[in-house]
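Engineer: Got a structure for you, written out below as structure tokens; questions coming shortly.
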Amino acid sequence: MAFGTGELAALGTACIWAVSCQIHSQLSREMGATNLTLLRLPLAVALLGAACVFSGVSFDHPASVWWYFSLSGLTGVALCDWLFYGSTVLLGPRVACVCQSLAASMTAFLGVMFLGESLGWAGVLGIAVATVGVIIVVTDGGGRSDGLATTPGQRRKGIALALGSALALALAMFFSKKGFSTGADPLFCAFLRNVAAAVVFWPVVALMGGSRAAMQSLRSGRGVLPRMALGAVLGPGIGMWLSLVAVANTDTGVAATLIGLEPIAIMPVVWFMTGRRPTVRAVVGAAVAFAGTALLLMRHHL
């Protein structure tokens, strides 16, 4: 199998983001998606900035790197996270993940059209099969919105937000791949993405009068700050760094598909932590997703 650094990093991202997604989904319900995004950014900037300093990463990169990864941060951190966690408030994380799983096919299309990537018939089929497997898993339970009582209007709004987050994620991966074409360190790029998102998102929310509400939201529940810190370490910290390692070392469509397996990755974690066993449908969906992943990884040998 063509299982290298990029593929391994993408699977690691899926596992880490699966856990952070559960943390952030609960926090977004308690304090609001905008407040969560706003307060999480400084934590991520501090964490990644310290990692860059202690690891001796150079901040001297070409202007194109700053440009592309700033765009990647705006689309993939500020916009994508804000839209996605807004959708989880209305739909719950499972249904929101169905819509965001389309980011893999969107990313693959951008890679083929604008980056000269070639997936071949096995790669295209693998992406399709893996996406179907994810959809089977996250729709397990008859398509209910994770027990959330939503009106048809709210559901349509939630789906629109989730689809928007999928497009934002695809654009972020496209911009990241363009940035890596000129040479860049993934850790520095993860730091730059969060800085760019914070520089834009904080002033916009402040002008709308939301910064005070964000600070007040820290008192919305018990243990909000520790959970937010843990989520920042896992999500925009380690997870984002691994996702950029994946994009730098494999095709963007492949990276997006493997990262999109996060609903599969969380199944054993939930079983271990809560004792809730996955249903037969969830196991079948996981098997389909793994089959698609295997086909994707073997694409160069078929």
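Engineer: Residues being within 15 Å of Ala10 (Cβ to Cβ), crowded, with 24+ Cβ neighbours inside 10 Å and among the hydrophobic types (A, V, I, L, M, F, W, C): count how many of those fall in the stretch 228-240.
Structural biologist: Total satisfying the criteria: 1.
Engineer: Can you name the residue in the stretch 91-123 that is among the aromatic types (Phe, Trp, Tyr) and closer than 21 Å to Leu297 by Cβ and is also surrounded by the fewest Cβ atoms within 10 Å (Cβ to Cβ) among such residues?
Structural biologist: Of the residues in the stretch 91-123, the ones among the aromatic types (Phe, Trp, Tyr) are 109, 114, 121.
Keeping just the survivors that are closer than 21 Å to Leu297 by Cβ gives 109, 121.
On the way: Phe109: 14, Trp121: 10.
Out of the qualifying residues, it is Trp121.
Engineer: Can you pull out the residues in the stretch 202-249 that are assigned to a loop (DSSP other than H, G, I, E, B) and either touching a residue at least 12 places away in the same chain (Cβ under 8 Å) or within 20 Å of Ser70 (Cβ to Cβ) (or both)? I'd like the intermediate steps shown before the answer.
Structural biologist: So the first thing to find is which residues in the stretch 202-249 are assigned to a loop (DSSP other than H, G, I, E, B), and the list is 208-210, 220-223.
Listed by number, the residues that qualify are Gly210, Ser220, Gly221.
Engineer: Pick from the stretch 68-85 the residues that are more than 14 Å from the chain's Cα centre (by Cα) and either within 19 Å of Gly235 (Cα to Cα) or free of Cβ contacts under 8 Å to residues at least 40 places away in the same chain (or both): which of them is surrounded by the most Cβ atoms within 10 Å (Cβ to Cβ)?
Structural biologist: Of all residues in the stretch 68-85, those more than 14 Å from the chain's Cα centre (by Cα) come to 68-71.
Narrowing further to those that are either within 19 Å of Gly235 (Cα to Cα) or free of Cβ contacts under 8 Å to residues at least 40 places away in the same chain (or both): 69-71.
Numbers: Phe69: 28, Ser70: 19, Leu71: 19.
Across the stretch 68-85, the extreme among qualifying residues is Phe69.
Engineer: Just checking: which of the helices (runs of 4 or more DSSP H) contained wholly in the stretch 90-201 hold 2 or more residues that are at pLDDT below 90 and either farther than 30 Å from Asn35 by Cβ or in contact with a strand residue (DSSP E or B) (Cβ under 8 Å, 6 or more places away or on another chain) (or both)?
Structural biologist: Here the list reads 103-114, 120-138.
Engineer: Out of (1) at pLDDT below 85; (2) within 30 Å of Thr139 (Cα to Cα), what's the single condition that is false for Val233?
Structural biologist: The one condition Val233 does not meet is (1).
Engineer: Another one. Using the structure shown, decide if Ala50 is in a helix (DSSP H, G or I), more than 30 Å from Thr151 (Cα to Cα) and not basic (Lys, Arg). Don't jump to the end; show me each part of the working.
Structural biologist: Numbers: in a helix (DSSP H, G or I): yes; more than 30 Å from Thr151 (Cα to Cα): yes; not basic (Lys, Arg): yes.
Spelling it out, Ala50 is indeed in a helix (DSSP H, G or I), more than 30 Å from Thr151 (Cα to Cα) and not basic (Lys, Arg).
Engineer: Mind checking whether some residue in the stretch 1-11 is under 21 Å from Ile238 (Cα atoms), of a type in the set (Phe, Trp, Tyr), crowded, with 23+ Cβ neighbours inside 10 Å and in contact (Cβ under 8 Å) with a residue 60 or more places away in the chain?
Structural biologist: At the first step, the residues of the stretch 1-11 found to be under 21 Å from Ile238 (Cα atoms) are 3-11.
Those still in the list that are of a type in the set (Phe, Trp, Tyr) too: 3.
Still in the running and crowded, with 23+ Cβ neighbours inside 10 Å: none.
No, that holds for no residue.
The values are calculated or read from the model by the stated rules, or taken from the named source; none is laboratory data. It should be emphasised that the depicted structure is a prediction, and the values quoted were computed from it without experimental measurement. As a convention, Cβ positions derive from the backbone with ideal geometry for all residues, glycine included, and neighbour counts pool all protein chains shown.
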